[in-house]
1. Give the order of Ser19, Ser99 when sorted by the count of other beta carbons within 10 angstrom, beginning with the fewest.
2. What order do you get for 49-57, 119-127, 133-141, 178-186 when each peptide is scored by the mean count of other beta carbon atoms within 10 Å, highest first?
3. Could you state the number of Å between the C-alpha centres of segment 74-95 and segment 170-196?
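Only the coordinates and a few stated rules stand behind these numbers; no lab work does. Being a predicted model, the structure only gives us computed values, none of them experimental. Note that each Cβ is placed from the backbone with ideal geometry, even for glycine, and that neighbours are counted across all protein chains shown.
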Amino acid sequence: MRATRARLRALVQSPGPLSLSTLLPEVVDLPEERAAVLDRLGRRREAAAVLALHDLDKAEAYAAACADPREACAVVLAEAVRRDPTGELAVGVLERRASKVDVLGALEALPDDAPVDRVARVVSAELARAASAHREALVVRQLLKRDNFAATLALHRERAASFVVTADSRCAACRRAFKGDAAFVRFPDGALRHRACVSPAVHVALQGGQPA
């Protein structure tokens with residue numbers, strides 16, 4: 001292993017470009033380094049498998065930290081079942097990482113004589129968590145829908161409001177009066193401006209239904 005690390009160090013320190021794929025053959029005997037290279041290559045399932053054969057605890061921690069942990073956690077569970085056919089080891093992983101695991105897939109992977117009471121508790125808690133997350137998502141959608149409806153209603157009311165432009169009305173920007181055919185903009189606070197007196201940025205905001 002010392003010779004392998006020396007070759008790896010020489011390869012890393014060599015001049016010129018270095019691809020991660022080039023490193024893989026050099027770290028066959030170094031599971032943690034090989035897993036790190038596989039992870040950088042996006043081959044996370046393979047990385048979890050390499051770690052699981054070497055150190056199940058490290059593999060579990062790695063899998064749980066993945067952006068999409070389900071596949072990597074499935075590899076860890078499979079190795080836990082291989083090491084301990086009673087299912088005790090795998091159920092321990094399931095208890096600690098229930099939110100990271102495909103629970104239905106895990107149930108199929110567990111041996112028939114796995115401790116049923118512990119598995120049932122994990123499944124029950126995970127179902128409750130999923131139901132709670134679903135309810136929370138529904139509440140958020142309803143709140144967003146209500147806020148959107150209130151904003152739309154306020155916009156319609158504002159657009160439907162009537163007002164009178166008199167000879168005394170003045171542009172809030174240039175302070176000049178409005179001619180009969182002059183295009184103008186009315187803001188929610190009642191201020192009037194010639195259309196030419198409104199900046200392009202304000203025009204964009206108004207088109208989006210937002211006051212400047």
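1. The most exposed by this proxy come first: Ser19, Ser99.
2. Most protected by this proxy first, the peptides run 49-57, 119-127, 178-186, 133-141.
3. So the two Cα centres are separated by 74 Å.
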